[in-house]
Structures are given as C-alpha cells and as structure tokens.
Amino acid sequence: MAPTSPRIGLIGYGYIGRYIYEQIVTRPELGLQIGFVHNRSAEAVAELPTDIVLEDVGDFAGCGVDLIVELAHPDVTRLHGESFLQETDYMPLSLTAFADAELDDRLRNTAAKSGTRIFVPHGAVIGLDALEEGRETWEEVTIRMDKPVRSLDLSNDPDHDAGDITTRTTLFEGPAREICPRYPRNVNSHAAVALAGIGFDRTHCVLVADPDLEASIIELTAKGGGVEVQIRRENPMQGVSGVMTLMSSLASIGRAKAVQPGLRVC
Ligand SMILES: NC(=O)c1ccc[n+]([C@@H]2O[C@H](COP(=O)([O-])OP(=O)(O)OC[C@H]3O[C@@H](n4cnc5c(N)ncnc54)[C@H](O)[C@@H]3O)[C@@H](O)[C@H]2O)c1
C-alpha cells in the first residue's frame, strides 16, 4: 500500500514559493501534498483555494503538517521558528537568520527537546554534504560570490549604494557572522556554508557586485589535513534568487520528506 504523502506548509508565496506550490499540486509523483500556504500580504494568495490558505501563521499547528518550509524572509524564523519546531520539522530558506547566535542556539535546543529537525537546504551551493562530512578536517573554508548589481539588496550596507556601482566592486570580505546581517536577502549561500561546515565565525566570505554579470557565481574552497575541495557554480538570476534555486529547493523538500518508492540519491 502506498504511504500517505507528507503534508507541507509553505510560508511565502513569491518566486520560489509559487514554484514549489505548483510542482507539489501538479506532480503527484513527487509524493508530497500541500498542508497550507501563508503569505504576509493576502493579495498574493487570493488565487489559491481558500481551504489551504493560512491567514494567521499562529494557527499553523491546526494544519497538521509534517514540514514547514519558509520561503519568505529571515524574520519568519526569528518570530516563529521556535513555535514551529515545538510541533514539527522546519526548513528555512532564509538561512541568514542563523547568524544570530542566540537564535541559532534556541532553535537547536527547541528541536532537540521536541524531537524535531531543522533542515538546511543547499540552495545555490553544491557540495555541502562533503563540507559537512569534512567538518573536523577543514582549517579554512571560503565562499566567494559574484552577483549582478541589480540582484543585490544593499539597504543594510552603510558603505555602498547600488546606483553608484559602475565597475566590479568588492562589497565585503570577512566572516559569515558579519556578512549575513548586512545582506540578509543575498547571502543565504554563505549562511548555508557556515551551517554545514565550520560555523559563522570561521567561514570566510567575499561578496562582489558586478554590473556586467547576468548570473550569480559561487566559488567554494575548503582546505585542511591535506584535503582540498574547490567548487564553482554559475546560476542565472531572477530577482534575488537564482534559477537553480527552484529545482534545488524542491529537491531538498523531497529528500527531507517524500515517501515515494524508487531510486533516491542521498
Ligand atoms: N537558501 C537559499 O539558497 C536561498 C536562495 C534564494 C532565496 N532565498 C531566500 O528565500 C526567500 C524567498 O525568496 P524569493 O525569491 O521567493 O522571494 P520573493 O520576494 O519572490 O517572495 C517572498 C514572498 O514572501 C512574502 N513575505 C515576505 N515577508 C514575509 C513574512 N514575514 N511572512 C510571510 N510572508 C512574507 C512576500 O510577500 C513574498 O510573496 C528570501 O528570503 C530569499 O532571501 C534563499
């Protein structure tokens, strides 16, 4: 007998949220079902069947979902992450929230006490499995990201204004702990690398704005104990998110939860 498909709650119905919703409802072979969709502005979800729209996120527990996926803003994790984890598993895409060490601790402690799990989706970065596996080995981990200026939100950067950037410019170089609050919508990849590898204080980050680029380019290097990993990924941009992020987010949800039979890459 086929197992029941896990119920997925989606927070955020924008570029990524819409894609995930459409894929889950139109492709039963994925082995997932929608438990609810919540978006801050109600107009965005007006087109959806009313029975799946969750107006007040505080009512999430009544929906009986097996996983909540945040595809909205780091504030969601700050405000609701602990409540979610008291009830169910949680996959935040806006991973920059974890650069707040106190929040990170509270979330991990809540998950440990409640027997729930926090899933870190790899998003635009590949090789996080290897990074995690070698965590004890790495002496240094560096993530460098080059992005088109139009894909960057510089509203928390006191030193740069997007309108003034006409040539390739290094916006930031330093630890993941510091880059995340400065570019919270743009450096989720850096946060994912920090979480998978050697943490926010030891992960070295570089962010470059390039007016001539159309894609986001990520270069990841990890070195230690004679081992060296180098990964480069180029990803065309749509708003603040890369195109491959759609496929990768869906695949991460599937890896975390789907129950369909057949070959599975793990
Ligand atoms: N982990 C990764 O690799 C990765 C990659 C790309 C994007 N992201 C992050 O995922 C999130 C979604 O990306 P997107 O491209 O779909 O963005 P988007 O702007 O297209 O969509 C976000 C949606 O969430 C809604 N929203 C915003 N704040 C909310 C809140 N507090 N509560 C409920 N709804 C809220 C907005 O109204 C919008 O509909 C962003 O925070 C982005 O930084 C992560």
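Less than 13 Å Cβ to Cβ from ASN39, Lys/Arg counted +1 and Asp/Glu -1: what total charge do the surrounding residues give?
Around ASN39, the charge tally is -3.
Which order do the peptides 82-94, 163-175, 182-194 come out in when sorted by mean C-beta neighbours inside 10 angstrom, highest first?
Order by mean packing, descending: 182-194, 82-94, 163-175.
Pop out the ³J(HN,Hα) list for segment 92-109 in order, Karplus 6.51 cos²θ - 1.76 cosθ + 1.60 with θ = phi - 60°, rounded to Hz; leave Gly and Pro as x.
Computed from phi, the couplings for segment 92-109 are x, 8, 7, 6, 4, 4, 6, 5, 7, 4, 5, 5, 3, 4, 4, 5, 5, 5 Hz.
Work out from phi, with θ = phi - 60° and the Karplus expression 6.51 cos²θ - 1.76 cosθ + 1.60, the ³J(HN,Hα) of each residue of segment 151-162, listed in order in whole Hz, and give x for Gly and Pro.
Each residue of segment 151-162 in turn: 8, 9, 9, 9, 5, 9, 9, x, 9, 9, 10, 4 Hz.
Would you grab the residues whose amide H sits under 5 Å from the one on THR137? Only those 5+ places off in sequence or on another chain, please, with H modelled 1.01 Å from N.
none
Can you list the residues, at least 5 places off or on another chain, whose amide H is less than 5 Å from the amide H of GLY14, using H built in the peptide plane?
none
Of the listed peptides 15-22, 231-238, what is their order by residue-averaged count of other C-beta atoms within 10 Å, with the highest listed first?
15-22, 231-238
I need the phi-derived Karplus couplings for segment 55-69: 6.51 cos²θ - 1.76 cosθ + 1.60, θ = phi - 60°, integer Hz, Gly and Pro marked x.
In residue order, the calculated couplings are 6, 10, 4, x, 8, 4, 4, x, 8, x, 8, 8, 7, 9, 10 Hz.
For an R0 of 22 angstrom, estimate the FRET efficiency from the Cβ-Cβ distance between ARG264 and ARG135 and round to the nearest 0.05.
So the FRET efficiency works out to roughly 0.40.
How much of the DSSP bridge set in the chain is antiparallel, in percent, rounded to the nearest 5?
Just about 50 percent of them are antiparallel.
Could you list which residues have their amide H under 5 Å from that of PHE36, counting only those 5 or more apart in sequence or on another chain, with H placed in the peptide plane?
ILE8, GLY9, LEU10
When ranked by the protection proxy of mean other Cβ atoms within 10 Å per residue, highest first, what sequence do the peptides 156-162, 243-249 form?
Order by mean packing, descending: 243-249, 156-162.
Every number here is computed from the coordinates shown, using simple stated rules; none is lab data. Keep in mind that this is a model prediction, so the values were computed, not measured. Every residue, glycine among them, receives a Cβ derived from its backbone with ideal geometry; neighbour counts consider all protein chains shown.
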